[in-house]
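The values are calculated or read from the model by the stated rules, or taken from the named source; none is laboratory data. Being a predicted model, the structure only gives us computed values, none of them experimental. Cβ sites come from the backbone with ideal geometry, for glycine too, and all protein chains shown count toward neighbours.
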Amino acid sequence: MEKKYRFLNHTADAKFQAFGRTLEEAFSNAALATASLMWDVGAVARMVKRRVCVEGRDLEQLLLHFLEEVIYAFETQSFLLASVEEIKIKAVKGGGFWLRAVFVGDNEPSKHRLHGEVKAVTYNEMKIEQADSVTVQVVVDM
Amino acid sequence: MEIRQISEFVWEIPKCGDMRVPAVLYASAKLLESVKRDMTLQQARNVACLPGIERMSYVMPDAHQGYGFPIGGVAAFDMDRGIISPGGVGYDINCGVRLLRTDYTEKDVAARRKELLAEIFKEVPAGVGKGGITKLSRSVLKEILTKGAEWAVENGYGTREDLLMTEEGGRMKDADPSHISARALERGIPQLGTLGAGNHFLEIQKVAHIYDEAIAKVFGIDAEGQILVMIHCGSRGLGHQVASDYIEKMENVFGIKGLPDRELINAPIRSPLGEQYYKSMCAAVNYAFTNRQMIAHWVRDVFAKVMGSSKGLRQVYDVCHNVAKVEKHVINGKEREVCVHRKGATRSFGPGRPEIPEVYRAYGQPVIIPGSMGTASYLLVGTREAEDLSFSSTAHGAGRVMSRHEALRRFRGEQIRDELEKKGIELQSTSWKGVAEEASAAYKDVDEVVRVSHEVGIGRLVARVVPVGVMKG
């Protein structure tokens, strides 16, 4: 399987690129990259499902809001993301986008060794490139 | 980019393009090299373009790239024509440092060092995903956001004397939680009284060198070998959410067209949104003061239990590193109120400022500069010159030079623990990976940073301290 995401050098924080054949796949992989900064995504059981629904005035804001959901679900519900399912992105008439998805994971952080904390998702150096495939680039504040 | 050397440690980027004022960097030639490697100076230029900026866009010796403003960026804005920017404060609002002094010496704690650190690790909720105190109600949280550390003292965490020894008395009076989102409150509830991860830490330290004995004495630092405790943390998820929320609100109202950087978004200070952000930021500042107040209380509990007494554990001071404040400064010979943004910078008021505690007023405020994990930290004193040189600001720490990713590739947490142990430094952490990311080699040389501060005169050396025990979230 092709690489889902890769980390790039950034002095203070974490910068990554996530890849996909579609916008949906690249966004999902960006959520996994964000989660991987905090826990071992592969080790999280698929016990709990959470519906996620976000909007954005543009794709950048949509991505920012979507990734913020990973942090929010973790900090407020102790939810650890393992995978993203049923993701759908749609353009809204009159401008903007919405995204719906299901987060699958576990809400037992005590079972896992957490190794970092993402404070916020930023617009810094954010890029969304759509050609034959999609690459998104994000810097998160650690 | 043109960089003019003005003197050994002062570099200027002259006004060009849309810059309303020049930018100035305080650094040694060595620090300048690392600053040049990222976007720091470009970001300082962007700040210089903002409406109402006064004098200069300042860059402190430990600066590195941030979002919108550089980390280590200081800028003051006219109250009527100027702006306020969440990117000029940072995501971790009132990330800051508290320093406690003790009557104990290195010898006193030598045999109980391990136990002390283990107990602190047990008492202070540390890392990520670990809840704080028993579940808070929303109304209590709002009280905390309004009252800050005063709430903590009223509820049995620490003393009124601690409040006197905290910037703003531990409470920013303009705080108003009514403009804080439900989401920010939700993030704040489980995390009150937690240290957090990343570069946040709690250290048991010893005084390694005293540069200025007279001022050290005033600050409660009596001799080399004296044990101190340093707490470095911020406003946690609540502060991060306030920053994100207001970046978005300002975007919705003012748009992002023409902004060189989306996080440079701002609002006029006197606009409804500018005022709402300021009041919300003040509330997040109060949350962070409360956090450090509670953690300091637990540290005292541990000293009482392990060492027999916590009587001598007095607070030297508590400083903010990420904040915007309304302060009086003299500009073109006239005293005026301005909104000073300090993003990764410490206030360094000199003698005479009414804002600093009475016992320190003849000398200047204590400036606490933490190093990276396991390296030296410094106690400095604010100066009068700093008012003219940097709107009374100096550095806030070491500043990263290596990415976390690169640090992970190069170091292993266990190996770092062993190396620290050889140096006589105990380490407790929830995550070896986190330890590797914070390896001191990933940071600038803090000794060099404070030397520049001292030589330029924006904060003068008082004492150098080194850790004997480190707790990392």
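Have a look at A:Leu8, A:Leu23, A:Leu59, A:Leu64 and point out the one that is touching a strand residue (DSSP E or B) at 6+ places or on another chain (Cβ under 8 Å) and away from chain B (no Cβ under 14 Å).
Residue meeting the stated conditions: A:Leu23.
Specify which of the listed residues (B:Ala182, B:Ala223) is free of Cβ contacts under 8 Å to residues at least 12 places away in the same chain and of a type outside the set (Lys, Arg).
B:Ala182
Considering region B:188-229 alone, what residues qualify as being in contact with a Ser or Thr (Cβ under 6 Å, 6 or more places away or on another chain) and surrounded by fewer than 23 Cβ atoms within 10 Å (Cβ to Cβ)?
Passing the criteria: only B:Gly225.
Tell me, yes or no, whether region B:295-315 has at least one residue that is buried (at least 20 other Cβ atoms within 10 Å of the Cβ) and at positive phi.
No, region B:295-315 contains no residue that is buried (at least 20 other Cβ atoms within 10 Å of the Cβ) and at positive phi.
Can you find a residue in region B:423-438 that is under 21 Å from the mean Cα position of the chain (by Cα) and closer than 28 Å to B:Ala29 by Cα?
Yes, because at least one residue in region B:423-438 is under 21 Å from the mean Cα position of the chain (by Cα) and closer than 28 Å to B:Ala29 by Cα.
Any chance region B:348-360 includes a residue that's on the phi < 0 side of the Ramachandran plot, buried (at least 24 other Cβ atoms within 10 Å of the Cβ) and in contact with a strand residue (DSSP E or B) (Cβ under 7 Å, 6 or more places away or on another chain)?
Of all residues in region B:348-360, those on the phi < 0 side of the Ramachandran plot come to B:348-351, B:353-360.
Filter once more, so that each one left must be buried (at least 24 other Cβ atoms within 10 Å of the Cβ): B:348-349.
Going one step further and asking which of them are in contact with a strand residue (DSSP E or B) (Cβ under 7 Å, 6 or more places away or on another chain), we end up with B:348.
Within region B:348-360, one or more residues are on the phi < 0 side of the Ramachandran plot, buried (at least 24 other Cβ atoms within 10 Å of the Cβ) and in contact with a strand residue (DSSP E or B) (Cβ under 7 Å, 6 or more places away or on another chain).
Within region B:45-63, work out how many residues are in a strand (DSSP E or B) and either more than 25 Å from B:Val330 (Cβ to Cβ) or within 12 Å of chain A (Cβ to nearest Cβ) (or both).
2
If we only count helices (runs of 4 or more DSSP H) wholly inside region B:93-182, which ones have 2 or more residues that are among the basic types (Lys, Arg) and farther than 28 Å from B:Ile71 by Cβ?
It comes to B:113-123, B:138-147.
Kindly indicate whether A:Ala91 is surrounded by 15 or more Cβ atoms within 10 Å (Cβ to Cβ) and among the hydrophobic types (A, V, I, L, M, F, W, C). Give the derivation first.
On the way: surrounded by 15 or more Cβ atoms within 10 Å (Cβ to Cβ): no; among the hydrophobic types (A, V, I, L, M, F, W, C): yes.
No, not satisfied.
Assuming A:Lys88 fulfils every condition listed in (1) within 12 Å of chain B (Cβ to nearest Cβ); (2) of a type in the set (D, E, K, R); (3) more than 24 Å from B:Arg404 (Cα to Cα); (4) in contact with a helix residue (DSSP H, G or I) (Cβ under 7 Å, 6 or more places away or on another chain) apart from one, which condition is it?
Only one criterion in (1) within 12 Å of chain B (Cβ to nearest Cβ); (2) of a type in the set (D, E, K, R); (3) more than 24 Å from B:Arg404 (Cα to Cα); (4) in contact with a helix residue (DSSP H, G or I) (Cβ under 7 Å, 6 or more places away or on another chain) is unmet by A:Lys88, namely (1).
Can you tell me which residue is modelled with the highest pLDDT among those in region B:55-71 that are in contact with a His (Cβ under 8 Å, 6 or more places away or on another chain) and more than 17 Å from B:Asp261 (Cα to Cα)?
The selected residue is B:Met60.
Go through region B:148-163 and report how many residues are surrounded by 19 or more Cβ atoms within 10 Å (Cβ to Cβ) and either under 20 Å from the mean Cα position of the chain (by Cα) or on the phi < 0 side of the Ramachandran plot (or both). Working first, answer last.
Within region B:148-163, the first condition is being surrounded by 19 or more Cβ atoms within 10 Å (Cβ to Cβ), and the residues that meet it are B:148-153, B:157-158, B:162-163.
Filter once more, so that each one left must be either under 20 Å from the mean Cα position of the chain (by Cα) or on the phi < 0 side of the Ramachandran plot (or both): B:148-153, B:157, B:162-163.
Number satisfying all stated conditions: 9.
Enumerate the strands (runs of 3 or more DSSP E) found wholly within region A:93-142, keeping only those where 2 or more residues are of a type in the set (A, V, I, L, M, F, W, C), within 22 Å of A:Glu25 (Cα to Cα) and within 14 Å of chain B (Cβ to nearest Cβ).
On the way: elements: A:97-106, A:127-130, A:134-141.
Counting at least 2 such residues, we get A:134-141.
Looking at region A:71-84, I want the residues that are acidic (Asp, Glu) and have a partner that is surrounded by fewer than 24 Cβ atoms within 10 Å (Cβ to Cβ) with Cβ atoms under 6 Å, at least 6 apart or on another chain. Which pairs are those?
From region A:71-84, the pairs are A:Glu75/B:Arg187.
Have a look at A:Thr34, A:Thr11 and point out the one that is within 30 Å of B:Val35 (Cβ to Cβ) and part of a helix (DSSP H, G or I). Let's see the steps before the verdict.
Values: A:Thr11 fails: part of a helix (DSSP H, G or I).
On inspection, the qualifying residue turns out to be A:Thr34.
With the checklist (1) free of Cβ contacts under 8 Å to residues at least 60 places away in the same chain; (2) more than 10 Å from every other protein chain (Cβ to nearest Cβ) in hand, flag the one item A:Ala30 doesn't pass.
For A:Ala30, the exception is condition (1).
Could you look through region B:26-44, keep only residues that are at pLDDT 95 or above and more than 25 Å from B:Glu385 (Cβ to Cβ), and pick out the one that is farthest from the other protein chains (Cβ to nearest Cβ)?
In this case the residue turns out to be B:Gln42.
So, in region B:137-169, how many residues would count as being within 16 Å of B:Cys320 (Cα to Cα) and in contact with a Leu (Cβ under 7 Å, 6 or more places away or on another chain)?
Residues in region B:137-169 being within 16 Å of B:Cys320 (Cα to Cα) and in contact with a Leu (Cβ under 7 Å, 6 or more places away or on another chain): 2 in total.
Which condition does B:Lys249 not pass, out of (1) surrounded by fewer than 22 Cβ atoms within 10 Å (Cβ to Cβ); (2) modelled with pLDDT of 95 or more; (3) more than 14 Å from chain A (Cβ to nearest Cβ), if it passes all the others?
Failing condition for B:Lys249: (3).
Looking at (1) farther than 30 Å from B:Val302 by Cβ; (2) buried (at least 24 other Cβ atoms within 10 Å of the Cβ); (3) of a type outside the set (S, T, N, Q), which one does B:Leu238 not meet, given that it meets all the others?
It is condition (1) that B:Leu238 fails.
Across region A:113-124, what is the total count of residues that are surrounded by fewer than 17 Cβ atoms within 10 Å (Cβ to Cβ) and either at pLDDT 90 or above or under 16 Å from A:Ala73 (Cα atoms) (or both)?
The number of residues fulfilling the criteria is 0.
Got a sec? Which of B:Val24, B:Val59, B:Val74 is aliphatic (A, V, I, L, M), farther than 22 Å from A:Val121 by Cβ and surrounded by fewer than 23 Cβ atoms within 10 Å (Cβ to Cβ)?
None of the other options fit; the residue is B:Val24.
Output the number of residues of region B:383-418 satisfying the condition of being within 13 Å of another protein chain (Cβ to nearest Cβ), in a helix (DSSP H, G or I) and of a type in the set (Gly, Ala, Ser).
So the count comes out to 2.
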